[in-house]
Amino acid sequence: MVIKKNYINFFENNHAIMLIIDAKNQNIVDANNAACTYYGYTKHQFSEMKISDINTLSADSINIEINNVRLEEKTESYFKHRLANGDIRDVVVYSAPLGKSDRFLLSIIHDMTEKQNLEKELVLHKAYLEQLFNNTPNAIAMLNMNFRIININKKFQKLFGYRLDEIKGQSISEVLCSGKKLNESIDFIKKIKAGKVIRENSIRKTKKGKLVDVSIVAYPIVNDGKAIGVYVIYVEMTSKEERLSLKIKDELTGFYNRSYFINKFDDKLKNIQEKEMDKNKIFLMLINLNGLNRVNDNLGYRIRDMIIKIASERIEECISNKDILARIGETEFALLISNIEDKMKIIYKANNILGKFNDPFVIGDNDIYISTSIGISNYPNDGVEINSLMRRAHISMYKAKETSGNQFQIFAPEFQNKVREDFIIENNLRHAILNDEMLLNYQPIVNAVNGEIIGAEVLIRWRNKELGLVPPNKFICIAERMGTIVSIGEWVLKTACKQLKSWHDKGYKKIFMAINISIKQLEEVNFPLIVKEILDKTGLNSKYIEFEITETQYMKNINRIIESLKEISKLGINISIDDFGTGYSSLSQLSKLRINKLKIDRAFIKDIKVDITNTKIVETIILMARILNIKTVAEGVETIEQSNFLKENKCDMLQGYLYGKPVGSNLFQKMIDERLFK
Ligand code: C2E
Ligand code: CA
Ligand code: CA
């Protein structure tokens, strides 16, 4: 009885999970309450189970394990055990023969899953802390209670010039303080030992002996209520004003902010002028990150901020410590480079920065490519005061942007002319429609199989008294910027529809018209309504109208645009993607819409049989479109070779100088007369 009672106390009510196993047949002979709770079986269920019902190993492997225990060769094993609810847990099992006979084994089971998860979490935690420690923009030293150095972060190395192995174990005050500062530092130590957080502005010495102004925060590292070490954080301040105002840095990047940059720039210019060091050149570089609005719209501002932060680090890698770098706008950085005689060094620097943007920004599952546009101006050549230097660097930056992609531009006087020209265009454009200065040209689109004219692309022309004939590439983007494109586009649509209706009425075979539509028009909520009104008024069947949308601008306001395009599709109008291959739209974007046509960009057609990659791209686009049941048009076909290649690859339609240049309505009608059978 006594034995039984003891057994019950020890076994049944033990908090440890315990099983008794018959080594001969692997049967579970008994399981305690803790085991029943843990595994989720009743005692009765256990009595009918074998150990192989919970251990994930095979019965044979279990036998080997059991024999090892019987021979007392092994007492501790790691297994995976299956619970009644199907969960698999990592366990460590301590087993030993029970009593003198080695038939029954007592196993005590410890669940390891939590512990393993905890360990994983700890490793992760440590990695996070390490990252934080090393990537924070401030210098940090970790000290023991004797103020000897245990660890330093990367910024500490950069600021003070020491590697950890040079100063590990040394007293922080001996390393960083010189002469009289040492006493002050001893005072500092006393305060910390008393458990106080200390903040102060002071001076510290670098390895090379340079003195730096720093703002210091030190606080004890406390464990179990006891100070076991000290963290000291040093924030570098390069001037007196900084000590007075800490509001000089941009929060996100840790760079200087705009107002500080302007002050510093101004100081520098005055200083140079006072000392009449005119030969001493200063370069201003403005660096803009392109396409971040798109990221904002699609992925949210957090990702956008992450990109700006990573971009800032990439830029920082390219500058020397004499340069002054600031974030002066949402997506704009400014870099001031002094004492440079050789322009080549600036070009080298700009190329270096651009090169840093060849690699994508990997954020989660997204590979995001961001390009930069850099504009450069120079003192004293491009201006002697800050406003003109900033303005000219800006003009150059926009010029770089226009040429698209990763580019830099050094200011040239012609750029100024371009700004003036844009200004004149803007002023004249306002009245162009009223003054009846716009007209339309039509360029034939032919069936690739038989060369028959089956349609026309409508291309706008602007003839102005002062400016002469202004090509659309010059004024469309300005009209888009001004918003005038909406009324211009409406005029194009009205005029083209009227013209087409009259051709149809005259009995010409039913050709179609492809009309270029600006994204700005699609963003207008009432655009589909206007289109419908024009169709109703002219009485034209909508199936003969096709809207060409340029792919490059595709992503902005994507939802609004998709909405407009859906409504336009509903009206029976076809949708064609213009300049296909150059922009952003992926197949997934296209699949949201009913796209009828892809227009392969001229750049690819030009390269047919010249550039292998581009030739392959053309083949692939046509093939892909065929699979998706989308028609293809090649634009800019100028040679028989190009035309033959496109025909061989089963491109559906061709357009280009080979078949006819854009011409006025009368000439186009003649073209149809000659080349199309009524
Ligand atoms: P796009 O839509 O890509 O138009 C094709 C351009 O290529 C036209 O230039 C056309 O004249 C030219 N082109 C056609 N075949 C050939 C060829 O074989 N070789 C070469 N080198 N060029 C060829 P264009 O008329 O100067 O128009 C330029 C751009 O202006 C158009 O590019 C289009 O994006 C825009 N645009 C023209 N009309 C309108 C309009 O009514 N509304 C809007 N929103 N944009 C328009
Ligand atoms: Ca077009
Ligand atoms: Ca095009």
* Structure fact -> For the chain, averaging the sequence separation of alpha carbon pairs under 8 Å that lie six or more residues apart and dividing by its residue count, the contact order in percent is 6 percent
* For the range 258-411, with +1 on Lys and Arg beta carbons and -1 on Asp and Glu, the positive-most of Phe408, Gly383, Phe361 along the dipole -> Gly383
* Structure fact -> Measuring from the longest principal axis of the C-alpha atoms of the chain, the long axis of helix 612-627 (C-alpha) lies at a number of degrees, nearest 10, equal to 90 degrees
* Asked: Separation of the range 435-451 and the range 57-76 by C-alpha centroid, Å?
  -> 86 Å
* Based only on Cα atoms, what Rg/Rh ratio does the range 424-672 have, Rh being taken as Kirkwood's radius? -> 0.95
* Going by alpha carbons, how many degrees (0 to 90, nearest 10) lie between the helix axis of 527-538 and the longest principal axis of the chain? -> 30 degrees
* Structure fact -> Rounded to whole angstrom, the alpha-carbon centroid of the range 622-678 lies from that of the range 503-578 at a distance of 21 Å
* To do: At 1.4 Å probe size, with no ligands or nucleic acids counted, give the accessible surface of Thr331 in Å², nearest ten.
  => 30 Å²
* If each of Lys154 and Lys80 carries a label point 7 Å out from its Cα toward its Cβ, how far apart are those two points in nm? -> 3.8 nm
* Asked: What FRET efficiency would be calculated for the residue pair Glu332, Lys226, taking the C-beta separation as r and a Förster radius of 56 Å, to the nearest 0.05?
  -> 0.70
* How much of Phe147 can a 1.4 Å solvent probe reach, expressed as accessible area in Å² and rounded to 10? -> 10 Å²
* To do: Compute the Cα gyration tensor for the range 343-492, then decide on rounded, prolate or oblate, letting a ≥ b ≥ c be the square roots of its eigenvalues: rounded whenever a/c is under 1.5, prolate when a/b is larger than b/c in the other cases, and oblate in all that remain.
  => oblate
* **Paramagnetic reach from Asp111 (point 7 Å along Cα→Cβ, amide N under 13 Å) across the range 38-62** => 38-41
* To do: Run the dipole for the chain about the Cα centre, Lys and Arg Cβ at +1, Asp and Glu Cβ at -1, nothing else charged, and hand back the magnitude in debye, nearest 20.
  => 1000 debye
* Apply 1/(1 + (r/R0)^6) to the Cβ-Cβ distance of Glu523 and Ile612, taking R0 = 56 Å, and write down the FRET efficiency to the nearest 0.05. => 0.90
* Using a ≥ b ≥ c from the Cα gyration tensor of the range 397-444 (square roots of the eigenvalues), is it rounded, prolate or oblate, where a/c under 1.5 gives rounded and otherwise the larger of a/b and b/c decides, a/b for prolate? -> oblate
* Expressed as a whole percentage, what fraction of the accessible surface of the chain belongs to carbon and sulfur atoms when a 1.4 Å probe is rolled over the protein heavy atoms? -> 52 percent
* To do: Kindly express, to the nearest 10 degrees and within the range 0 to 90, the angle between helix 472-482's C-alpha long axis and the longest C-alpha principal axis of the chain.
  => 60 degrees
* To do: Classify the chain as rounded, prolate or oblate from the Cα gyration tensor: take a ≥ b ≥ c as the square roots of its eigenvalues, call it rounded if a/c is under 1.5, otherwise prolate when a/b beats b/c and oblate if not.
  => oblate
* **MRE, 222 nm, helices only [DSSP H, n ≥ 4, -39500 (n - 2.57), over the chain, to nearest 500]** => -12500 deg cm²/dmol
* **Measure of compaction for the range 283-358 (Cα Rg per 2.2 N^0.38 Å)** => 1.18
* To do: With a 1.4 Å probe and every protein chain left in place, work out the accessible area per residue of the range 424-672 in Å², rounded to a whole number.
  => 47 Å²
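Find the eigenvalues of the gyration tensor of the Cα atoms of the range 258-411, then list the square roots of 5 times those eigenvalues as equivalent ellipsoid semi-axes, largest first, in whole angstrom.
They are 29, 15, 14 Å, listed from largest to smallest.
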* Please give, to one decimal in nm, the separation of the simple spin-label points placed at Asp213 and Lys510, each 7 Å out from Cα toward the Cβ. => 7.9 nm
* Multiply the residue gap between Asn201 and Asn25 by 0.36 nm, knock off their C-alpha separation, and tell me the result in nm, one decimal place. => 55.7 nm
* Provide the per residue accessible area, probe 1.4 Å, for the range 5-111, rounded to a whole number of square angstrom. => 55 Å²
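Given charges of +1 on the Cβ of Lys and Arg and -1 on the Cβ of Asp and Glu, with all other atoms neutral, how large is the dipole of the range 57-138 about its Cα centre, in debye to the nearest 20?
For the range 57-138, the charge dipole is close to 160 debye.
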* Determine by what factor the alpha-carbon radius of gyration of the range 5-111 differs from 2.2 N^0.38 Å, reporting the quotient. => 0.98
* Asked: To the nearest 10 square angstrom, what accessible area does Thr253 show with a 1.4 Å probe?
  -> 10 Å²
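The values are calculated or read from the model by the stated rules, or taken from the named source; none is laboratory data. No experiment lies behind these values; they were computed from the predicted model shown. Cβ sites come from the backbone with ideal geometry, for glycine too, and all protein chains shown count toward neighbours. Ligands, DNA and RNA are excluded from the accessible area calculation, which covers all protein heavy atoms including side chains. Shrake-Rupley method; radii C 1.70, N 1.55, O 1.52, S 1.80 Å.
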